[in-house]
1. Count, please, the residues in region 137-162 that happen to be in a helix (DSSP H, G or I) and open to solvent by less than 100 Å² (accessible area, probe 1.4 Å).
2. If a residue has to be open to solvent by less than 90 Å² (accessible area, probe 1.4 Å) and not hydrophobic (A, V, I, L, M, F, W, C) to count, how many in region 165-184 make the cut?
3. Does ASN117 meet the test of being assigned to a helix (DSSP H, G or I), at pLDDT below 85 and not assigned by the TED database to the domain that holds LYS186?
4. Of all residues in region 123-136, how many are open to solvent by less than 40 Å² (accessible area, probe 1.4 Å) and either hydrophobic (A, V, I, L, M, F, W, C) or farther than 14 Å from VAL181 by Cα (or both)?
5. Do we find that ASP88 is acidic (Asp, Glu) and either open to solvent by less than 90 Å² (accessible area, probe 1.4 Å) or in a helix (DSSP H, G or I) (or both) in this structure?
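The values are calculated or read from the model by the stated rules, or taken from the named source; none is laboratory data. Quantities reported herein were computed from a predicted structural model and do not represent experimental measurements. Cβ atoms come from the backbone with ideal geometry, glycine included; neighbour counts cover every protein chain shown. Calculation scope for accessible area: heavy atoms of the full protein, side chains included, ligands and nucleic acids excluded. Shrake-Rupley method; radii C 1.70, N 1.55, O 1.52, S 1.80 Å.
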Amino acid sequence: MKTAQVTGGGSPEKKFDRNMPKKPAVPLRTDHPVMGIQSGKNFINTNAADVIMGVAKKPKPIYVDKRTGDKHDVEPSGLVPKYINKKDYGVTPEYICRRNEELKKAQEEYDRYIQENLKKAAMKRLSDEEREAVLQGLKKNWEEVHKEFQSLSVFIDSIPKKIRKQRLEEEMKQLEHDIGVIEKHKIIYIANNA
């Protein structure tokens, strides 16, 4: 009975067993092989019968990709739809499902945190009517400032006129910025100073 043991080197070591049969001795130089033995079997007829009676081998599927006749196997080429026949084809992998769940939980925690902070800071959401009223008020203020800016003289020769023009331009720019912010954002929170 042979027993093999793997050592640190990675190759199996054979243990010595006295009861194992010995290998046949190497033939001597003077020994000659037995010659002239003939068989009565007709190999031609036997092979012909095997071919006739045997099941035909199925040809290996190939494809030719050029007019010169280059042949290639169909299996590794990607032309055979072998992956869609797998049982887990089209199923979202488990690690992606886990990651999506983790992202969903993180988003829920973040939303809860934001809601708590909004309650702590006593933030109040501006209703649509209030938002529209603020927007109309800002537009009205801009029109008044713009009208005042238009009524300035064309020729500005004194320092007070320059200062007044700059102040009106800054007011108009600030009002335009505020109008743009309110028009851009549909939901607006304001701090409660109560």
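1. 11
2. The total comes to 6.
3. Judged against the criteria, ASN117 is a match.
4. Counting residues in region 123-136 that are open to solvent by less than 40 Å² (accessible area, probe 1.4 Å) and either hydrophobic (A, V, I, L, M, F, W, C) or farther than 14 Å from VAL181 by Cα (or both) gives 2.
5. no
The rows are residues; the columns are (1) of a type in the set (Gly, Ala, Ser); (2) over 21 Å from LEU175 (Cβ atoms); (3) touching an Asp or Glu at 6+ places or on another chain (Cβ under 7 Å).
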{"residue": "LEU118", "(1), (2), (3)": "no, yes, no"}
{"residue": "LEU138", "(1), (2), (3)": "no, no, yes"}
{"residue": "LYS147", "(1), (2), (3)": "no, no, no"}
{"residue": "SER151", "(1), (2), (3)": "yes, no, no"}
